[in-house]
Amino acid sequence: MNTELLDDNPYLLLTPGPLSTSKRVKAAMLKDWCTWDRDYNDLVQSIRRRLVALATQRIEEYSAVLLQGSGSYCVESVIGSALGSTDKLLVLTNGAYGKRIVQMAEVLGVQVVVLDSGEVSLPDLDDLESMLQQDPSITHVAMVHCETTTGILNPIAEAGQIVKLHNKVFIVDAMSSFGGVPLDVAELGIDFLISSANKCIQGVPGFGFVIARIDRLQACQGQARSLSLDLYDQWHHMEQNGGKWRYTSPTHVVRAFDEAMLELEEEGDVAARYARYRQNQQTLVRGMRDLGFETLLADEMHSPIITSFYYPDASFKFEDFYKELKAQGFVIYPGKISNADTFRIGNIGEVFPSDMERLVSAVGRVESKSL
C-alpha cells in the first residue's frame with residue numbers, strides 16, 4: 001500500500017464533521033472493493049453488529065441499517081418510514097437540526113407539531129409532558145441529542161422517560177454524539193437512533209446509519225414515502241442478503257469506517273473517547289477565556305463536541321479571523337444562531353488537548369496582530 005500519497009493535511013478541521021481523520025483511516029481507502037464480494041459484505045455485517053454492541057448491551061433487541069448519503073438522509077429515512085399516514089410527530093427543537101427534522105416532516109406530508117425552546121435553552125420537559133397529555137394523537141417524538149448549532153447537549157434520558165411513560169416512539173438524532181458520548185439506547189428507551197460515519201467514530205463522509213429496535217423496523221414495512229430512503233427495505237435486504245446494500249454502496253468509505261471502529265476500540269471505546277473530547281473542550285474553553293473570549297452557553301449546558309464563542313467586540317471580522325487561523329493550520333466554523341454574533345470550534349476527530357493548546361496560542365497571535 002502506497003502511503004506516500006497520504007501527506008499531512010495543511011490544517012486541522014475543528015468542526016463537528018467532516019473532521020480530521022487519522023492516516024490509518026485514510027490509508028484504508030486505497031484498496032478497491034466490489035459490492036458483490038463476500039469479503040466486503042462480511043465486513044458490512046461486522047460493522048452492523050459492532051454498531052449495535054456500541055449502542056446497547058441488549059443487542060438481541062436492536063439492529064443497524066447503513067444508508068448511502070449524509071446523516072440527514074438517514075434522518076429523513078426514519079421520518080419517512082417510521083411514521084404511517086395516521087401518525088403524528090412531535091419534534092423538540094432548540095437549533096437548526098431540530099428544525100430540519102420539522103422541515104423533513106412537512107415536505108414528506110407527515111403530521112408534525114413543534115415544542116421550540118429557542119436556541120440557547122434546554123427543552124422544557126414539563127411542556128413535553130403537557131403536550132403528550134393534551135394531544136393523544138401524537139405517536140412519535142423526535143429530538144437532537146447534541147445540537148451543534150450551539151454545542152448544547154440535550155437531556156435525552158429525562159425526555160425519554162416521559163416519552164416512554166406515554167408509550168410513544170422515541171427518535172433521537174445522535175449525529176454528533178454517538179461514539180463520543182456514552183449511552184445505551186435500550187436503557188434510554190430510544191427506538192430509532194441516527195448517526196453518521198464522519199462524526200465521533202472518526203470515519204469519512206459517505207454514509208450514515210440507524211440503530212433501531214427490530215420490532216420498530218418491522219413495523220416500517222410498506223410505509224416509506226421514498227424508494228431510495230425506504231428504511232425497512234434497506235434493512236430487510238441487508239438481513240436477507242448477508243450485508244449487501246440494495247443499491248451501490250460507498251465501498252471505500254465503509255472500509256475506512258471499519259478502520260475507524262478499530263481505532264475506537266483500541267482507544268478504549270466510547271468512555272475513553274468521551275474523556276479525550278471533554279479534555280479537548282475544557283482545554284479550549286479555559287484557554288479562550290484567558291484570551292478574553294466568552295462562551296455562548298453556560299458550562300453545564302456544553303457538550304464535548306463543539307463550542308460557541310461570542311465575537312470579542314464590534315470590530316471583530318470572522319472572515320479575517322478564519323483566514324488567519326487557517327494559515328496557521330486550523331479550520332473553524334462560523335456561528336449559526338440568529339440573535340448573536342458567534343463562531344464555533346469543534347472538539348472532536350483526530351484531535352488532542354495539545355492541539356487545543358496550539359490553537360489557543362494561534363488565536364492569541366491573531367488577536368495580538370489585530371490590536
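Values in this text are rule-based calculations from the coordinates and carry no lab data. Everything numeric in this text was worked out from a predicted model, so none of it was measured. FYI the Cβ positions are ideal-geometry reconstructions off the backbone, even for glycines, and counts take in every protein chain you see.
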(request) Pull out the extension gain between Gln223 and Asp126, defined as 0.36 nm times the separation in residues minus the alpha carbon to alpha carbon distance; nm, one decimal. (result) 31.7 nm
(message) For the ranges 235-244, 130-139, 21-30, what's the packing order if you count other beta-carbon atoms within 10 Å of each residue, average per peptide, and put the highest first?
(response) 21-30, 235-244, 130-139
(request) Which order do the peptides 91-104, 215-228, 144-157 take when ranked by the mean count of other beta-carbon atoms within 10 Å per residue, highest first? (result) 144-157, 91-104, 215-228
(request) Return the whole-Å distance between the Cα centroid of segment 319-346 and the Cα centroid of segment 267-315. (result) 14 Å
(message) For the ranges 340-348, 173-181, what's the packing order if you count other beta-carbon atoms within 10 Å of each residue, average per peptide, and put the highest first?
(response) 173-181, 340-348
(request) Sort the chain into rounded, prolate or oblate with this rule: let a ≥ b ≥ c be the square roots of the eigenvalues of the Cα gyration tensor; rounded if a/c is under 1.5, and if a/c is not under 1.5, prolate when a/b is larger than b/c, oblate otherwise. (result) oblate
(message) Can you give me the long-range amide H partners of Ala142? Hydrogens built in the peptide plane at 1.01 Å from N, cutoff under 5 Å, separation of 5 or more residues or another chain.
(response) Leu90, Val91, Leu92, Ile171
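Compute the Cα gyration tensor for segment 106-152, then decide on rounded, prolate or oblate, letting a ≥ b ≥ c be the square roots of its eigenvalues: rounded whenever a/c is under 1.5, prolate when a/b is larger than b/c in the other cases, and oblate in all that remain.
The shape class here is oblate.
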(message) Based only on other Cβ atoms within 10 Å, what is the fewest-to-most ordering of Ser70, Ser195?
(response) Ser70, Ser195
(request) Round to a whole angstrom and tell me the spacing of the C-alpha centers of segment 123-178 and segment 186-259. (result) 21 Å
(message) Using Cβ counts within 10 Å as a stand-in for footprinting exposure, how do Phe318, Phe170 rank, fewest first?
(response) Phe318, Phe170
(request) Once you have a ≥ b ≥ c as the square roots of the Cα gyration tensor eigenvalues for segment 128-273, tell me rounded if a/c is under 1.5, and otherwise prolate or oblate according to whether a/b is larger than b/c. (result) oblate
(request) State, to one decimal in nm, how far the label point of Lys317 lies from the label point of Ile59, with both points 7 Å from Cα in the Cβ direction. (result) 5.6 nm
(request) Quickly estimate the mean residue ellipticity at 222 nm for the chain, helices only: each DSSP H run with n ≥ 4 gives -39500 (n - 2.57), and the total goes over all residues, rounded to 500. (result) -13000 deg cm²/dmol
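At a threshold of 8 angstrom on Cα-Cα distance, excluding pairs fewer than six apart, so keeping six or more, what relative contact order does segment 119-249 reach in percent?
Relative contact order, segment 119-249: 15 percent.
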(message) Over 21 Å between Cα atoms: which of Lys336/Lys369; Lys88/Lys168; Lys168/Lys199; Lys168/Lys244; Lys31/Lys326 fall into that group?
(response) Lys336/Lys369; Lys168/Lys199; Lys168/Lys244; Lys31/Lys326
(request) Could you work out the relative contact order of the chain, using alpha carbon pairs under 8 angstrom and six or more residues apart, expressed as a whole percent? (result) 24 percent
